[in-house]
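The values are calculated or read from the model by the stated rules, or taken from the named source; none is laboratory data. These numbers come from a predicted model, not from an experiment. Virtual Cβ from ideal backbone geometry, glycine too; neighbours counted across all protein chains shown. To get the accessible areas, we keep the full protein, side chains included, count just its heavy atoms, and leave off ligands, DNA and RNA. Shrake-Rupley method; radii C 1.70, N 1.55, O 1.52, S 1.80 Å.
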Amino acid sequence: MIIVLKPNLPAREERAVLAEIKRLGYRPHIMRGVSRTVVGAIGDENRHPTLEALRAWPQVESVTPVQKRHKLASREAHPANSTIRVRDVVIGGPEIVVMAGPCSVESEKQLMETARAVAASGARILRGGAYKPRTSPYEFQGLGEKGLKLLAKARRETGLPIVTELLSEDHVELVAEHADLLQIGARNSQNFQLIVAAAKTGLPILLKRGLSMRVEEWLLAAEYVLANGNRNVLLCERGIRTFETYTRNTLDLSAVPIVKRESHLPVVIDPSQGGGRADLVSAFCRGAVAMGADALIIEVHPNPREALSDGAQQLTPAGFAALMDDLRPLATAVGRAIAPPEAPGKPLTRKRVE
Ligand code: PEP
Ligand code: MN
């Protein structure tokens, strides 16, 4: 910690601050300027009580920590990129992993049709909400357990691992039984009890950024997963709330290089919630790939106009296939790769998953 003392402080007042720094287990290193003194408190902030309380002392002008608050999520703690496995899919390596599927699981036909189509186009993980965090209680709330069972069936058919949202602590066991990757939604991104309960399942966590969350707060939310013994966290930017009304949210692509610099955790971009508009998904994905995102999560529906949630932002299966074709050369240009499509007419070659 760096403690800046008020200017022209009497020696007696300075001694009181130094005594407090020592009392808390730190060694003060004093740097005297012309009118003010700066004290470096030397010691491990993880092992000694914090010096933050000195902020309230009348002798003190400022207290600045030198260690990151997001200790385990920081690059300092783990200089190399982390890779995270979701069954046989590795995120954070050379491949840009594409997750795709409907916003909500609506029916067996809708889900299977989407799952087969996105698998054939090179998606590596199937998304689909069974529990939906809807803004209005009168809107479709998801199929619940029935939706989870359909997701498991789609996994059996296509071999794609499943990502689905966990909305409540009451459902941790049930959702964990069916999912391969647990999504903590934007609205729950600071619901720390839910995050800890999800972390304790041992499954990897896709942590969305909250609607008005700073990067530091997002990393601290991830810290809750890491501090509870689960090292598998993906950070998903899905747009933040700004003054702009043209789009549903403002996709903060600047978060990609910022988070990659601050943290070793993989970054995922959700272009669908990001803009709320299907016509923006392609540009957002291209930007995300160019900026260094490790994965994309994209909403796809066989008939977006009839979708029970987020119809305006979902791609058709044909639109998704075209997008994947557009993204592959771009991924190659930045030294990454996106999985190829399945050869037409051939049955799925991917390993079946029970
Ligand atoms: C979703 O993925 O459909 C969703 C509701 O996401 P978010 O929590 O980012 O709004
Ligand atoms: Mn959605």
Whole-Hz Karplus ³J(HN,Hα) for region 132-148, in order, using 6.51 cos²θ - 1.76 cosθ + 1.60 and θ = phi - 60°, x for Gly and Pro?
-> 10, x, 7, 5, 10, x, 8, 8, 3, 9, x, 8, x, 4, 4, x, 4
Residues whose modelled amide H sits under 5 Å from the amide H of ILE298, counting only those 5 or more places away in sequence or on another chain, are MET99, ALA100, GLY101
Quick one: length gained pulling VAL66 to HIS48 fully straight, 0.36 nm per residue minus the C-alpha distance?
-> 5.1 nm
Give me the aspartates and glutamates in straight-line cross-link reach of LYS6: C-alpha distance below 17 Å, same-chain residues under 8 apart excluded.
-> GLU14, GLU20, GLU52, GLU61
How many angstrom separate the Cα center of region 221-245 from the Cα center of region 253-280?
-> 11 Å
Could you give the length gained on full extension between GLU244 and THR135, defined as 0.36 nm per residue of separation minus the Cα-Cα distance, in nm?
-> 37.3 nm
Using θ = phi - 60° and the Karplus relation 6.51 cos²θ - 1.76 cosθ + 1.60, list the HN-Hα couplings for region 74-83 in order, rounded to whole Hz, with x at every Gly or Pro.
-> 7, 4, 4, 6, 8, x, 7, 4, 7, 10
Comparing TYR138, TYR246, TYR224 in a Gaussian network model of the chain (Cα, 10 Å), the one with the largest mean-square fluctuation is TYR138
Show that you can apply the helix-only estimate: for the chain, add -39,500 (n - 2.57) for every DSSP H stretch of four or more residues, divide by all residues, and state [θ] at 222 nm to the nearest 500.
-> -9500 deg cm²/dmol
Return the percentage of antiparallel bridges among DSSP beta bridges fully within the chain, rounded to the nearest 5 %.
-> 40 percent
In the chain, taking the dipole from +1 charges on Lys and Arg beta carbons and -1 charges on Asp and Glu beta carbons about the Cα centre, the listed residue (GLY287, ALA11, VAL66) farthest towards the positive end is ALA11
To the nearest 20 debye, what charge dipole does the chain have about its Cα centre, counting +1 at the Cβ of each Lys and Arg and -1 at the Cβ of each Asp and Glu?
-> 820 debye
Where does the chain land on the Kirkwood hydrodynamic radius, alpha-carbon pairs, in angstrom?
-> 21.9 Å
Amide H within-cut-off set for GLU61, under 5 Å, with H built and near neighbours excluded = VAL4, LEU5, LYS6
Taking 46-56, 203-213 and ranking on average Cβ neighbours within 10 Å, highest first, one gets 203-213, 46-56
Enter the accessible area of LYS109 (Å², nearest 10), with the probe set to 1.4 Å and all protein chains included.
-> 150 Å²
